[in-house]
Amino acid sequence: MKLRAVLSLQPTDRLHGIAAATDQPIHTGANKTVLIDMLCRHLSNPSLVRKRLDTLQPQHREYVVNLASEGGELLKQDAISELGAGFTHRFQTMQDAVSDLGLVFEDVETLGTGDSLVGIPEPILKAIPLPARDLGRLRRLMQSRSIGLLRAFARELGCPSEDSRRVFVARAIRSRLLNPEHLKAYIINLPDTKRAILDLSVAKDVITQHEILNAMGEDGLRALDEMVWKTPLFFHSTDRLLTDTHLQLASDLKPAIQALGDRIEDTFEKNLVSTGPDPALTREQTSFLVPNLCTLLGFVEQRRPRVLKQGGVSKARLRDVGKYYRGHIDPGYSEFLLLFAETAGFIRRDAGTWRLACDAADRLSSVFGVRNALFSVWRETDRWNEWTAERSGTRVRNRTDTLRALRCDLLDCLASCPEDSWISYPHFYTLLTRRSESFAHLDGRPPAARDPVGGGGDELLRRILVSALTWMGMVVLGNPDAFSEPLEPDHRGVFKLTGAGAALLHGREPVSANRETASGRNGRFILQPNLEILSPPDLSFALYMQLFSIAELKEVDVLARFRVSPQTVHQAMSRGWDGASLRTFLHTHSATGLPEMVDALIQECERKHGEIEIASASGYLVSERPELLDELLVQKKVASHLGVRLSPTTAALNPSTRIEELVDALKGRGYMPNVANKKPNDEQHSISLKRSELLQLAGFLEAAIQSCAARTVPLPEDLDRLLKRIRSNLRSIPDVDSGGDSNDYCRSFESLFRGGSYRDDIQALSRFRGANPAAGEDDIGRLVEYAIEYRLGLEIEYIAERTDKTTSRSIEPILVDHGVLYGICRHRKGERPFSLDRIRSARLTLSISE
């Protein structure tokens, strides 16, 4: 409100009255223009404004201060309601009193018929002292925003005013923001970054740009600037906005947000619960986890499968055991359980095969303990990759690190879900993308443009829900077929957090934990005369796995059906069982005792077992007379090479014996042995190599082929075929990664093939324009990069890590990775790593090879 404009609307008599009430002398005969000029100067004097305020009654002064804190301008009906307690007569009395002193005026013409303004002119408003708490009220902040920004903000709030004039737009915005339901809806629809800024502003009295930059990065700083300049939500008391300027929420808005409390998050969680009918079809694996794990461990003990080069078991073997699982089975289920069994130590490697750990059965006594261990392994492992369909295949470090972070975000969000209620999958996905920036950015879109329909995050979340979380018994799926379809607004997928899942998420034991122990599994199996064993559901896990040692699993339904055969009994005896231990085991744990047919089978196998014995040998020795072999066996140096005596004149050689060593030992004692050979073949020769030597040879050949191929150097065609034969041989060796390590050899070949003459190196050295030698961190970094690019040498002063002594090194740099310089050191005669932060100085030199 302009002072001159509002004075011009007053009659002359009223101007004279204001001048008299404010002790302003007036010349007789002064016209209205002169009166207005004199009153403009007099009424806007700050000291006189404060003096007039002091003369007011307390309630009148409070009225003026409250009106000033609201921006100095209100619709008369709003002023009556808020400042006059709704009483028109009381309000008019206050208005007349302060108007006589030239502090507050009523404007009945600006807005037209029916609407009038009550306001304090701007020069007087600036002179009225206000408490600090009233400087940032919404109406006051909207006075400094342009009408265009206010209209845009009103549209964002969903409250476009019928009248586009400032006072009406400000009235609509304030009403919307101070309404709890509308305020809640506005905050819910904000991007996560802006919501985080509001949360921080509510929790703290003031925030700064610097603080937001450190906490949220550039995105947070941009969001704060937008909220400060384009909305009336924040204010600051300084003329310029700097990085350390204190920013505060509007003083009447902050209590409104605080009054919401946790209701915003509660709204998210309440909306998670599906309002539709319960699903007709569900999928649950909670009770099948440990029984299926026992089946897998039993198969491992029975089949003893070969260990693959990267761990695990062949897919054909896993498909065989997958036929006997309970519940709905995904092709990756066996791999998931096997990864857990391997990581948690339920199975162990032994001579290239998997064996059951000695304490595996005891560790299965607590179902909750097994589920908790599986949950921990899945949360932290980098060997299970939901990014790809081949979930246990090759892993990429940065992707698995991201995946672990995504799992933690998912579990935090899942912990907020109500237990034993059907959760709407679309609502849960929306909540997850709001809480987790990692999930929100999976689609490559900024949070402001986020759309909770479909995308990479949706596919990953569906994979995790359908696989790991269901397999561990943490959730029950409703309408499971819907989880194979991309997310749509009307997606039918729902899931329910189980009691076991809630216990894992909140770190407590489930209510049913006391029933999920071995003490509740005291059943006995049924051994039938037809050689079949029926295993009841309450059979202990230890006995169930022992049945795999003596019988073959045929079917799993309500009861598991095993069958005893001569082959299974023979296998048991080959692994340490004998007839007596078999009879004792079956008689003790069978509810039907030991049938005669089974006892007869054990007797037959006991009689035949060991009739023929097979062993391995590397060669044999034959003497002409038994006495000569007797003579050799009493000589220690000769006998150490011999094994079992096969006949009076024949003895086997030890597997580790080399024929050349045995021949030398015999010759040294005066014997003249004859080494029997087949017809010599000049084209074939045998050589014995250690496993490590074969790996080194393969790595060297591979590096040579790669380096020569990169430079179009011709090589014999047979060389590549030779490498393939060596690789094939390595793959047949258990516990060996056939990849070999060819990196060191590649670097050596790279150094060997480096071109460039002495003159070229001199020119490259002279072209460097940086500090040489260099001592600063940045200068050293540029020097190292230049040396790598132009294949020059370096002389560095390096602080040794162990002794902290400074040593001089001459190196040929190869690459820099994560703050570590890798190069060939002349002093150590090999490749060495050097931490860049421990290099005190560096100087360019010619290449070491020069």
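When the pairs Lys690/Lys724; Lys194/Lys254; Lys309/Lys554; Lys51/Lys76; Lys636/Lys690 are compared against a 24 Å limit on Cα-Cα distance, Lys309/Lys554; Lys51/Lys76; Lys636/Lys690 fall above it. Among the listed options (i) 164; (ii) 215; (iii) 310, the one matching volume of the Cα convex hull per residue in Å³ as calculated from these coordinates is (iii). Look at where the Cα atoms of segment 291-313 and of segment 272-290 average out, and the two centres are 30 Å apart.
Based on DSSP H segments of at least four residues, each scored -39500 (n - 2.57), the chain has a per-residue ellipticity at 222 nm of -14000 deg cm²/dmol. A crude spin-label estimate for the pair Phe768 and Arg165, with each label 7 Å from Cα along the Cβ direction, gives 7.6 nm. The packing ranking, built from the mean of other Cβ atoms within 10 Å per residue, places the peptides 546-553, 51-58, 221-228 in the order 546-553, 221-228, 51-58, highest first.
Between Ser287 and Asp481, what FRET efficiency comes out of the Förster formula 1/(1 + (r/R0)^6) with R0 = 25 Å and r the beta carbon distance, rounded to 0.05? Could you put the intermediate results ahead of the total?
On the way: r = 22 Å, r/R0 = 0.88.
According to the calculation, E is roughly 0.70.
Considering only the Cα atoms of segment 1-155, their convex hull presents on average a projected area of 10.1 nm². Charged neighbours of Leu662, selected by a Cβ distance under 14 Å, balance to +2 (K, R count +1; D, E count -1).
Ranked by solvent-accessible area (1.4 Å probe, protein heavy atoms only, all chains present), the residues Thr806, Thr208 order from largest to smallest as Thr806, Thr208. Over 29 Å, how big is the tail of the calculated P(r) for segment 83-235, in percent of all Cα pairs? The proportion of pairs with Cα distances above 29 Å equals 30 percent. Atom-type composition of the exposed protein surface of the chain places 50 percent of the accessible area on carbon and sulfur (1.4 angstrom probe). The distance linking segment 99-114 with segment 62-87 is 13 Å (Cα centroid to Cα centroid, whole angstrom).
Sorted largest first, the principal axis extents computed over the alpha-carbon atoms of segment 88-160 equal 41, 36, 22 Å. Label-to-label distance, Arg222 versus Tyr186, with points set 7 angstrom from Cα along the beta-carbon direction: 2.4 nm.
What's the local net charge at Ser8, with K and R +1, D and E -1, over the other residues with C-beta under 13 Å away?
Values: positive: Lys2, Arg4, Arg14, Lys32; negative: Asp37, Asp107, Glu109.
Neighbourhood net charge equals +1.
Scoring 403-416, 458-471, 624-637, 180-193 by mean Cβ neighbours within 10 Å over their residues and listing the highest first yields 458-471, 403-416, 180-193, 624-637. Segment 184-200 and segment 589-646 have Cα centres spaced 80 Å apart. When only the Cβ of Lys, Arg, Asp and Glu is charged (+1, +1, -1, -1), the dipole of the chain relative to its Cα centre reaches about 960 debye. Taking 0.36 nm per residue of separation and subtracting the current Cα-Cα distance, fully stretching the chain between Asp359 and Glu552 would add 67.2 nm. Across the chain, the relative contact order, built from alpha-carbon pairs under 8 Å that are at least six residues apart, equals 7 percent.
Using only Cα atoms, figure out Rg for segment 761-845 and give it as a multiple of 2.2 N^0.38 Å. Before the final figure, lay out each step's value.
Values: Rg = 11.9 Å, N = 85, 2.2 N^0.38 = 11.9 Å.
Taking N as the residue count of segment 761-845, the ratio is 1.00.
Against the chain, whose longest principal axis comes from its Cα atoms, helix 777-790 is set at around 50 degrees.
Straight-line reach from Lys667: which aspartates and glutamates have a Cα under 20 Å away, not including same-chain ones fewer than 8 places off? Of all the aspartates and glutamates, those that pass the test against Lys667 - Cα under 20 Å, at least 8 places apart if same chain - are Glu624, Glu627, Asp630, Glu631. Which FRET efficiency value, to the nearest 0.05, is calculated for Ala85 and Ala415 with the Förster distance at 51 angstrom and r the Cβ-Cβ distance? After rounding, the FRET efficiency stands at 0.60.
Near Leu48, within a Cβ-to-Cβ distance under 12 Å, what is the net charge of the other residues, with Lys and Arg +1 and Asp and Glu -1? Please list the in-between numbers first.
Numbers: positive: Arg41, Arg50, Lys51, Arg52; negative: Asp23, Asp54.
Combined, the nearby Lys, Arg, Asp and Glu give +2.
In segment 90-178, which GluC sites (Glu not before Pro) fall in coil by DSSP and have 13 or fewer other Cβ atoms within 10 Å?
Values: sites: Glu106, Glu109, Glu156, Glu162; in loops: Glu109, Glu162.
Answer in residue order: Glu109, Glu162.
For the chain, the longest principal axis of the Cα atoms and the long axis of helix 659-668 meet at an angle of about 50 degrees. Taking Cα atoms only, the orientation of helix 192-203 departs from the longest principal axis of the chain by about 60 degrees. Here the gap between Lys204 and Asp720, fully extended at 0.36 nm per residue and compared with their Cα-Cα distance, gives a gain of 178.9 nm. Since only Thr592, Ala580, Ala617 are under comparison, the one whose Cα sits farthest along the positive direction of the charge dipole of segment 557-628, derived from C-beta charges on Lys, Arg, Asp and Glu, is Thr592.
For q values of 0.14, 0.16 Å⁻¹, compute log₁₀ I(q)/I(0) with the Debye formula on a Cα-only model of segment 291-432, without solvent. With one equal scatterer per Cα and no solvent, log10 I(q)/I(0) is -0.77, -0.97. In plain terms, the chain from Ala615 to Arg843 could stretch by 75.5 nm, reckoned as 0.36 nm per residue minus the Cα-Cα distance. On a per residue basis, the chain carries 53 Å² of accessible surface, using protein heavy atoms and a 1.4 Å probe. Under 26 Å of direct C-alpha separation, and excluding same-chain neighbours fewer than eight residues apart, Lys805 reaches these lysines: Lys829.
The values are calculated or read from the model by the stated rules, or taken from the named source; none is laboratory data. The shown structure was predicted, so the numbers you read here are calculated from the model rather than taken from an experiment. Glycine gets a Cβ as well: all are built from the backbone with ideal geometry, and neighbour counts include every protein chain shown. Ligands, DNA and RNA are stripped out before the accessible areas are found, and what is left, the full protein with its side chains, is counted by its heavy atoms. Shrake-Rupley method; radii C 1.70, N 1.55, O 1.52, S 1.80 Å.
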